[in-house]
Amino acid sequence: MILIIFFGIITVAVVLALIRALKGPTSPDRVVGVDIMVTITTAFMVLLALFFKRRIYLDVSLIYAVLSFIGVIAIARYLDRGL
Amino acid sequence: MRTRKIISIIILLILAGGFILTFSQIPFGKDKINVAHYYISKGIEETGAVNIVTSVVLNYRGFDTLGEVTVLFIAAIGLGAVLFTEKRVQKHASKSKDDKTKKASLILRTGSNLLFPLILLFGAYIFVHGHLTPGGGFQGGAVIASGFLLMYLAFPKQSINKKSLSVVESLSGLIFVGIGLFGLIFSGYFLSNFLPKGIPNTLFSAGIIPIIYIAVGFKVGFELTSVIDDLLGRGK
Amino acid sequence: MSLIYNWMYYIASGGLILIGMYIILVKTNLIKIIIGLNFIDTGVNILLVCIGYVKGRTAPIFSTSRINPTNVVDPVPQALVLTAIVIGVAVLALALSIAIKVYEHNKTLNVTKIRGLKW
Amino acid sequence: MKSGKVSRYIVTLIFLFILWVLLTTTLAWEELTTGFIFSAIIAIFGYNYFTKRGLSGITLKGIFYFLLYIPVFFWEMIKANFDVAYRVVHPKMPIKPGIVQIKTTLKSDIAKLILGNSITLTPGTLTIEIAEDNLLIHWINVKTKDIHGATDIIGKRFEKYLKVIFK
Amino acid sequence: MNQIIGYLITGVGVAFLFLGALGVFRLPDVYNRLQAGTKCTTLGAFLSIIGVGIIEPAWFFKCLVIAVFILFTNPISAHALARASYKSGVKLWDKSVVDKCKEFEECTKVDPVREPFSNGVEGKK
Amino acid sequence: MVNPSLLIGLPLAFAFSIPLFGLISKKIEKYIPIIALFINMVISFMLIPQILKKPIVVSIGGWSPPFCINLVVGPLGILLATLISGIGFLVSIYAVSYIKEEPTEKYHILFLLLMVGAIGIVLTGDIFNLFVFFEILCISSYALVAYYKDKEGTEAAMKYLIQGSVGSSFILIGVALLYGFFGTLNMADIASRITSANPTYLFITLAFLITGFGIEAAIFPLNAWLPDAHSSAPSSISAILSGIAIKTGVYGVARMVYTIFNANSILLFIAFLGLLTLLIGEMCAFRQDDIKRLLAYSSIGQIGLIIFALGIATSLGVFASLFQIVSHALAKALLFLAAGYMIYRVGSKSIASLNGLGKKMPLTSFAFTIGSFSLIGLPPFAGFVSKLSIVYAAMQVKKPVFLAFIAIALIATIIEAGYFFKIVQNLYFKEGKNLDKITESSGYILIPIAILAILIIVIGVHPQFITGLLKASARELLERAGYIGWVLGGT
Amino acid sequence: MIFQLILIFIMIILAVAAVIFKDLINAVVACAAVSLITSILFYFLQAPDVAMAEAAIGAGLTTAIFIIAIRKTERHEKEK
């Protein structure tokens, strides 16, 4: 039950990040929105694993934890003319 | 332009109508498993893999995976052929300018140095445990390629030896096909699982599955790396 | 309520496919068109996975003995989607490389300005 | 600065193996053997990047200070979060942002990395650029524009630990 | 007992996640948003994942690995993004007090003209 | 007994090993496709007598059919597989001296994998596996069309890629819908349960699948990519694309319509589409100045004829359609190879620049003439027999619609004759300019051209060499129960 | 269930946003977000293998490949 409340809060957070990603005047703003969306989602997936009671599901969030920053770095490197 | 829009909207409406008519025939969330019952009930004892998806991917439908690996191979090779340029200009015209502006910041460089081996190990973990946990050769390969991608992003001047990449690619592809042919020799069927199955839920089980997944992992990882390398136009 | 439940994933997949088709038919920028191809792939993947889903069941991975063989979802569509995702990535990479070459020859990505790409 | 290949290799191997054990969370012999083999293979590719100092970098004192560093860091991080939360929730948003410069005495790259990351995660500061031994920092509530004052407020509390850990 | 502690920690983490998102939503410019986004979501994700690890003790080490990875990678990406937005010319908020970055050429120097196409031009290392 | 899975496994192994051979010596790699496809051809020839007695069903991995992927090697499969490996073998000989543009190693890998895809499509008995092989074929041909990296080539490849991947997505949607209803992917298994589904549902699924395969087969509204792609690819690839790749699309349509869905009601529509394709293809071809574009449009026309004959749906009609597939594959491969080398020597693609080549390159021109006469349908070439049997099959149906159809088809043939005679006239009876340096082709070019020309004549004179196999193949398509019985056993 | 509905809604909005954005970088960012939401949907549909594949591809590789292609071509979509 308490997990459902957590999910609700997380969903609201995702929606807030989404609004930033849609509204943000510049590209970095949108990237910030999507970036925190990824972080929130990683936590969300861990909670979902708890909800489904399957330990193996943790591997998915592990992938996001390890790899999510690479996409952001790719965009950042494009923006700072490094690529 | 206007007519184009109208025509496309008509096409989209037809498509949407088709979707509605067909999807209403497939009830969502109902049990409509037919052939897969066999896989679920017999999968563990026949293949030794506790992850039924893996046993379907590599044993019951192993031929698809061979095709999938081939598709990725084609994409890597085709991309190399399309972006191939004969003459490589050795020196950039304005080398001094690049040095400071193109360099990544110290945090990014050091961080990627630290993370690179860890990401590689993580990819290896994923494809070694393909038959026990979710994941497998393809996912692990993608993780490995992401590790290399990180290095490419952090160090604009770095490149990998393309020769060794292609050697690893071909060798792992040959291992996959070779295991298939061995199966043909030993038990009369292409890609049959001829090795002992072991005890389910331990690492050394499921016969040929871990071996193929390791080969697929290396192959996918290095193929995606060479895709990135070709796209960036580095290397030789 | 059950109507929404029954249709939401179909709406997701059908919506993505339709958006992708719309991009391909109407948009003129090559990279946008490739994004549209990517969306179509994603939509078809969602369709395949939700065909295999059975309500209230869990993933077909018998990692602990608690899981009953009658209580898992269909593994076959998941296996198919794995293959389809790989194929999608392969097509994506090849498409982008060809788009780069097209840009190199024409200095534009707008398909209405490229003679060979009008259809 | 650089130590021998072998010692760097061994450090990498140890770290990778620890990561493998944590990932699998089992001590079955198959897992350990496979993990060791893969760590050994990957360490061949990776040791050149992973560490520059090898075994000489790991000292008892360093580990002790590292353990001391963790609670300090977490305390600052939790403070940071309440700080940000206060600013965000407050209807007027009391912020006074700006970019300031601080100096660091740390030499090693990894130390600078950890310092930069710690600064990013602690109250109201975000590392924008490291140039030699200058750090440029975005500060959400600028208290002083002076280099030394800013260094004292932002950098000093971590530096004294990091200096020992990565001496 | 550990259930209660775990849920408590997770709850705090989720609250921080929400605050981070709110911060990103409310604050005025990229740098401030990054401040809120990085700190709050990092700690929030860290705490909620560790909390799950406490609730199910058998998962603890895996959760720890996830959390440590997040703790390590998030600041890097935030830093890279902040640097990129400064270099690509995103202005600071009007009410910012000071901008020391202008004095450093590492921050300001960018490639003014980007050659549109450079496949195969960059040589080997 | 030779295992048919070798037909796919061996070329794959060879393709994967080409980079390794490239390390030893750059010279070896271009001979590897020849070896691989030669082995393939021998294996498939060895299998023919066996299969005419009893079709072979091989399961991959050793499980019983509905639960695993299986190769169904019936008469149709082995006919097309032999055709594919044979033409592939000849074209790979041609490519040894034709392909000089770097990176040749990648060309040979892609070419070999293209053949693997085509063979896989015609042999597999599993619908998702069909999709995977279809993707192998498509993706390698996208890359090969762009192989020269020039303006036309890349643009054509882009166009082909966009339309082709939309088509593949449609096929995948069709497969998903089939799986959603029947819960199985084996084609025979689906075919045996097909009656249990709602007809609207089946119709829409079939529409998705036919649209998907139709894009590859270039049926009329979906043929926009073909002229560009076929004309700007390297000539050896044009030969393969025209000779084989679009035929696999036709195979897909035929398999879906006849074996799986048993959709007799839409056959007339398909025949009508085929006729439309024929007319449009021939009419466009008539106006072309560029010889490769002309041949490409002519391919569209011929595909129309094949589809039209498929739509007749009597055993004679399907037989005629398959015969047309064989004769067109041989003739079009010959034409593209010969034309490709003439273009290479002359340096221009326009028809006018071929003037007077008949004297300078007698053998190549002669072969070109044979190919074009065969396409028009003059005796004693293979095309004559196949076209005659199409006309005969349409007459046999005794429906007035088909009589009208056949009249239109004959008009299209006359148009075809018009433009081919124009080229032949240019070759032999016009004086050309700047022809001094042009000499006859070399050995590697002439061998495949000569073999193809001889095959066309031999089949034209003695069609009974292949009619037995063709009749068995037609029976395989029309008798679904037989096909289901081979795979699932019993029934 | 309501969460899944909201997520699907978000995904569709992001896909539409990817159509509308003129700056291709923003479209690519939206694309990455669509991939992220897709991954969670796979997770909800009890397909961790697929979610993992989508994550591994969508988190870094696809974005990077698109970005490299934009780097080699041009950044803004120009109508007419």
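The values are calculated or read from the model by the stated rules, or taken from the named source; none is laboratory data. Quick caveat, the model's predicted, so the values are computed rather than measured. Positions of Cβ are backbone-derived with ideal geometry, glycine not excepted, and every protein chain shown enters the neighbour counts.
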Regarding D:Ala40, is this residue in a helix (DSSP H, G or I), more than 13 Å from chain B (Cβ to nearest Cβ) and over 19 Å from the mean Cα position of the chain (by Cα)? no
Within the stretch D:135-154, the residues that are buried (at least 18 other Cβ atoms within 10 Å of the Cβ), touching a Lys or Arg at 6+ places or on another chain (Cβ under 7 Å) and part of a strand (DSSP E or B) are D:Leu136
Could you please give the count of residues in the stretch B:155-198 that are in contact (Cβ under 8 Å) with a residue 60 or more places away in the chain and aliphatic (A, V, I, L, M)? 4
So which pairs qualify, if the first residue must be in the stretch B:212-224 and under 16 Å from B:Ile179 (Cβ atoms) and touching a residue at least 12 places away in the same chain (Cβ under 8 Å), the second must be acidic (Asp, Glu) and part of a helix (DSSP H, G or I), the Cβ gap must be under 9 Å, and the two must be at least 6 apart or on different chains? B:Val216/B:Glu68; B:Phe218/B:Glu169; B:Lys219/B:Glu169
Filter the stretch A:6-20 for residues that are without any contact (Cβ under 8 Å) to a residue 24 or more places away in the chain and either over 16 Å from G:Cys31 (Cα atoms) or under 12 Å from the mean Cα position of the chain (by Cα) (or both) and give the result. A:Gly8, A:Ile9, A:Thr11, A:Val12, A:Val15, A:Leu16, A:Ala17, A:Leu18
Within the stretch F:203-218, tally of residues that are over 20 Å from F:Ala118 (Cα atoms) and either surrounded by fewer than 19 Cβ atoms within 10 Å (Cβ to Cβ) or among the β-branched types (Val, Ile, Thr) (or both): 4
Within the stretch D:1-34, considering residues that are of a type in the set (D, E, K, R) and within 12 Å of chain B (Cβ to nearest Cβ), the one farthest from E:Phe60 (Cα to Cα): D:Arg8
Go through (1) of a type outside the set (D, E, K, R); (2) in a helix (DSSP H, G or I); (3) over 18 Å from B:Leu120 (Cα atoms) one by one and return the number of the condition B:Gly147 breaks. (3)
Residue among A:Leu3, A:Leu47 that is modelled with pLDDT of 85 or more and surrounded by fewer than 24 Cβ atoms within 10 Å (Cβ to Cβ): A:Leu47
If I go through the stretch G:38-47 residue by residue, how many of them are assigned to a helix (DSSP H, G or I), crowded, with 24+ Cβ neighbours inside 10 Å and more than 7 Å from chain A (Cβ to nearest Cβ)? 4
Condition check for A:Ile75: part of a helix (DSSP H, G or I), more than 13 Å from the chain's Cα centre (by Cα), closer than 16 Å to E:Asn74 by Cβ and at the interface with chain G (Cβ under 8 Å from one of its Cβ atoms): yes
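If you go through the stretch F:55-68 one residue at a time, do you hit one that is touching a strand residue (DSSP E or B) at 6+ places or on another chain (Cβ under 7 Å), within 30 Å of B:Val56 (Cβ to Cβ) and more than 14 Å from chain B (Cβ to nearest Cβ)? Step through it out loud before you land on a result.
First, pick out the residues of the stretch F:55-68 that are touching a strand residue (DSSP E or B) at 6+ places or on another chain (Cβ under 7 Å): F:55-60, F:65-66, F:68.
Next, from what is left, pick out any that are within 30 Å of B:Val56 (Cβ to Cβ): F:55-60, F:65-66, F:68.
Still in the list and also more than 14 Å from chain B (Cβ to nearest Cβ): F:55.
So far as the stretch F:55-68 goes, yes, one or more of its residues are touching a strand residue (DSSP E or B) at 6+ places or on another chain (Cβ under 7 Å), within 30 Å of B:Val56 (Cβ to Cβ) and more than 14 Å from chain B (Cβ to nearest Cβ).
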Just a yes or no: is a residue in the stretch G:48-70 out of contact with any Asp or Glu (no Cβ under 7 Å at 6 or more places or on another chain), surrounded by fewer than 24 Cβ atoms within 10 Å (Cβ to Cβ), among the charged types (D, E, K, R) and assigned to a helix (DSSP H, G or I)? no
Going by what's in this entry, would A:Val60 be described as more than 7 Å from chain G (Cβ to nearest Cβ), over 27 Å from B:Phe155 (Cβ atoms) and part of a helix (DSSP H, G or I)? no
Inside the stretch B:1-30, the number of residues satisfying the requirement of being within 28 Å of C:Val73 (Cα to Cα) and surrounded by 16 or more Cβ atoms within 10 Å (Cβ to Cβ) is 8
Do you know which of the residues in the stretch D:99-125 that are touching a strand residue (DSSP E or B) at 6+ places or on another chain (Cβ under 7 Å) and assigned to a helix (DSSP H, G or I) is farthest from the other protein chains (Cβ to nearest Cβ)? D:Ile119
In the set B:Thr65, B:Thr54, the lone residue that is buried (at least 24 other Cβ atoms within 10 Å of the Cβ), in a helix (DSSP H, G or I) and more than 11 Å from chain F (Cβ to nearest Cβ) is B:Thr54
Could you tell me which of the residues F:Ile411, F:Ile447 is part of a helix (DSSP H, G or I) and under 22 Å from F:Ile306 (Cβ atoms)? F:Ile411
Taking the condition of being over 21 Å from C:Gln78 (Cα atoms) and either crowded, with 24+ Cβ neighbours inside 10 Å or modelled with pLDDT under 85 (or both), how many residues in the stretch F:168-191 meet it? 1
Any chance A:Thr39 is surrounded by fewer than 23 Cβ atoms within 10 Å (Cβ to Cβ), touching a helix residue (DSSP H, G or I) at 6+ places or on another chain (Cβ under 7 Å), within 8 Å of chain E (Cβ to nearest Cβ) and closer than 27 Å to G:Ala64 by Cβ: no
Name, by its number, the condition in (1) in contact (Cβ under 8 Å) with a residue 12 or more places away in the chain; (2) assigned to a helix (DSSP H, G or I) that does not hold for E:Pro28. (2)
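Look through the stretch F:192-202, keep the residues that are over 30 Å from F:Trp225 (Cα atoms) and in contact (Cβ under 8 Å) with a residue 24 or more places away in the chain, and return whichever of them is surrounded by the fewest Cβ atoms within 10 Å (Cβ to Cβ).
Result: F:Ile194.
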In the stretch D:64-98, what residues are touching a residue at least 40 places away in the same chain (Cβ under 8 Å), within 10 Å of chain E (Cβ to nearest Cβ) and in a loop (DSSP other than H, G, I, E, B)? D:Ile95, D:Pro97
Output the residues belonging to the stretch F:115-157 that are touching a residue at least 24 places away in the same chain (Cβ under 8 Å), at the interface with chain B (Cβ under 8 Å from one of its Cβ atoms), part of a helix (DSSP H, G or I) and not small (Gly, Ala, Ser). F:Val116, F:Phe128, F:Asn129, F:Glu135, F:Leu144
Could you tell me which of the residues B:Thr22, B:Thr47 is of a type in the set (Ser, Thr, Tyr), facing chain F (nearest Cβ under 9 Å) and over 30 Å from F:Pro103 (Cα atoms)? B:Thr22
